[in-house]
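Input: a single structure, listed below in C-alpha cells.
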Amino acid sequence: MKTPEQITNSLVKEFDKLNDIREQSLKLSREIIKSCSKSIRNVHRNNLDEAKQHLDKANNNYKKLQTSLKDIPELRFTGYVNDSERELIEASLVYEFEKNNVLLEFSKMNVSASNYIQGLGDAVGEWRRKVLDKLRKLEIEEGEKYLDLMESSMEILNELDYPDALTGGLRRYADTARAIIERTRSDLTNAIVSESLRKELKNKK
C-alpha cells in the first residue's frame, strides 16, 4: 500500500501536467478568437483573401486545440474552449456566405450542435451589419439577400425545440436573433420606401 505522500506526489504530477495543458489551450483559444475577429472584420471590408488567411489560422489552431484536449474531458468542454469554437463557427459562416453565397452546414464542421446554433445566432448580427452597409450604398437588393439569409437562420433556430441544457440557451439566442431581424426588416422597408419616393420625385422633375 502506497503512503499518503506517494499518492499526493502522483496527484501533484498529474495536476501539474493538466495545468500546463490548460495554459497552452487557453493561449490557443485566445488566438482562435483573435483570428476569427480579424477574419470577420476583413469580410466587412471586402478583403476576402485576408479574411481567409485569418480563418485558416484559426482552423489550424482549433485542430491543435482539439488534439491537445482529445483525451482530457476535464478541459475539453470548458467555457473557454466552447467560446473559441463558437467564434470559429461564426467566422466560418460569415466567410462562407460571403465567398460562396451558401449557409455552411453543421455536418460540414467538426463542432458540437449546441455551439453551431449559437454561432449561427451570433452570425445574424454580422449579417445585419452587411445589410446596413448595403443600404448606405443604396444596394437594396443586396441588402434583401442578407435579410433572406438571416430569416433562413431564424427558421433553423425556430425548428429546434430542445431544453437549454442541450442547446446552451437556444431560446435566448433565438429571441436575440428575432429582435435583430425585426429591426433589420424595418430598416430595409424604410429604405425601399425612401428609394421609391426618391425615384418618383426624380421622374416628376
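The values are calculated or read from the model by the stated rules, or taken from the named source; none is laboratory data. Since the structure is predicted, the reported quantities are computational estimates derived from the model, not experimental observations. Methodologically, a virtual Cβ is constructed for each residue, glycine included, from the backbone with ideal geometry; neighbour enumeration extends over all protein chains shown.
Going by what's in this entry, would Arg172 be described as among the charged types (D, E, K, R), modelled with pLDDT under 95 and surrounded by 13 or more Cβ atoms within 10 Å (Cβ to Cβ)?
Numbers: among the charged types (D, E, K, R): yes; modelled with pLDDT under 95: yes; surrounded by 13 or more Cβ atoms within 10 Å (Cβ to Cβ): yes.
Yes, satisfied.
Condition test on Asp148, is it free of Cβ contacts under 8 Å to residues at least 12 places away in the same chain and outside any helix (DSSP H, G or I)?
On the way: free of Cβ contacts under 8 Å to residues at least 12 places away in the same chain: yes; outside any helix (DSSP H, G or I): no.
So Asp148 fails the test.
So which helices (runs of 4 or more DSSP H) are wholly in segment 1-107 and hold at least 1 residues that are at pLDDT below 85 and not assigned by TED's automatic domain parsing to the domain that holds Leu120? Talk me through it step by step, then tell me what you get.
On the way: elements: 4-44, 48-69, 73-76, 79-100.
Output list reads 4-44, 73-76.
Exactly one of (1) assigned to a loop (DSSP other than H, G, I, E, B); (2) among the charged types (D, E, K, R); (3) at pLDDT 90 or above is unmet by Asp161. Its number?
(3)
Can you list residue pairs whose Cβ atoms sit under 7 Å apart, with the first residue in segment 106-119 being within 13 Å of Ile156 (Cβ to Cβ) and the second being of a type in the set (D, E, K, R)? Count only pairs 6 or more apart in sequence or on different chains.
Gln118/Arg86; Gly119/Arg86; Gly119/Glu90
Need the failing condition index for Glu74 against (1) surrounded by 15 or more Cβ atoms within 10 Å (Cβ to Cβ); (2) in contact (Cβ under 8 Å) with a residue 12 or more places away in the chain, just the number.
(1)
Please specify each residue of segment 120-159 satisfying the condition of being loosely packed, with under 14 Cβ neighbours inside 10 Å and over 20 Å from Ser186 (Cβ atoms).
Residue satisfying the conditions is Glu159 alone.
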